[in-house]
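Here's the structure we're looking at; comments come further down.
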Amino acid sequence: MATVSSAATGGLPPGEADQHVHPPDRPTQPPTPPPPAGVLTDAGELLRALAAPVRIAIVLQLRDGHRCVHELVDALDTTQPLISQHLRVLKSAGVVHGERRGREVVYRLVDDHLAHIVIDAVTHVQEGGHS
């Protein structure tokens, strides 16, 4: 009976080599150069602004249309001060824009890219894509 040497299995003990998961074959392409450091920093700030569960819920609400604070309070079953605090974070990060209409401020997403980031993250988790 022939045995497979650990050198032939990449240094793994016999039986573990076939358990190793390899990515699918893809055409070899030159690596994509990273964006400038400032762009990476700004992207990190944006992701931090989206990192709180209440802010994720706000973005999901705003993807369906403009909302005022009281509508978000009702939809998310939380307090007005908490919603206002999270809206300030999202506004300063450039995620939402507020427009005064009489006594109320109506909020909307700045663009659809932001909703896609949140929707993709939520979908990923719902599909069991995190540990």
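The values are calculated or read from the model by the stated rules, or taken from the named source; none is laboratory data. Predicted, not measured: the structure shown is a model, and the values here were computed from it. Note that each Cβ is placed from the backbone with ideal geometry, even for glycine, and that neighbours are counted across all protein chains shown. To get the accessible areas, we keep the full protein, side chains included, count just its heavy atoms, and leave off ligands, DNA and RNA. Shrake-Rupley method; radii C 1.70, N 1.55, O 1.52, S 1.80 Å.
Just to be sure before I move on: is residue 88 at pLDDT 95 or above, under 20 Å from residue 122 (Cα atoms), charged (D, E, K, R) and out of contact with any Phe, Trp or Tyr (no Cβ under 7 Å at 6 or more places or on another chain) in the structure I sent? Against the criterion (at pLDDT 95 or above, under 20 Å from residue 122 (Cα atoms), charged (D, E, K, R) and out of contact with any Phe, Trp or Tyr (no Cβ under 7 Å at 6 or more places or on another chain)), residue 88 does not qualify. One residue is enough: does region 65-82 have a residue meeting the conditions outside any helix (DSSP H, G or I) and either modelled with pLDDT under 95 or among the small types (Gly, Ala, Ser) (or both)? Within region 65-82, one or more residues are outside any helix (DSSP H, G or I) and either modelled with pLDDT under 95 or among the small types (Gly, Ala, Ser) (or both).
Which one is surrounded by the most Cβ atoms within 10 Å (Cβ to Cβ), of the residues in region 37-50 that are aliphatic (A, V, I, L, M) and over 25 Å from residue 104 (Cβ atoms)?
Here the residue is 46.
With respect to the conditions (1) open to solvent by 90 Å² or more (accessible area, probe 1.4 Å); (2) touching a strand residue (DSSP E or B) at 6+ places or on another chain (Cβ under 9 Å), residue 53 falls short on a single one, namely (2).
Residues in region 20-36 include none that are open to solvent by 50 Å² or more (accessible area, probe 1.4 Å) and in a helix (DSSP H, G or I). Residues in region 92-115 that are closer than 23 Å to residue 47 by Cα and either without any contact (Cβ under 8 Å) to a residue 12 or more places away in the chain or in a loop (DSSP other than H, G, I, E, B) (or both): 93, 94, 95, 98, 110, 111, 113. Residue count for region 92-119 under the criterion of being under 17 Å from the mean Cα position of the chain (by Cα) and surrounded by 14 or more Cβ atoms within 10 Å (Cβ to Cβ): the result is 11.
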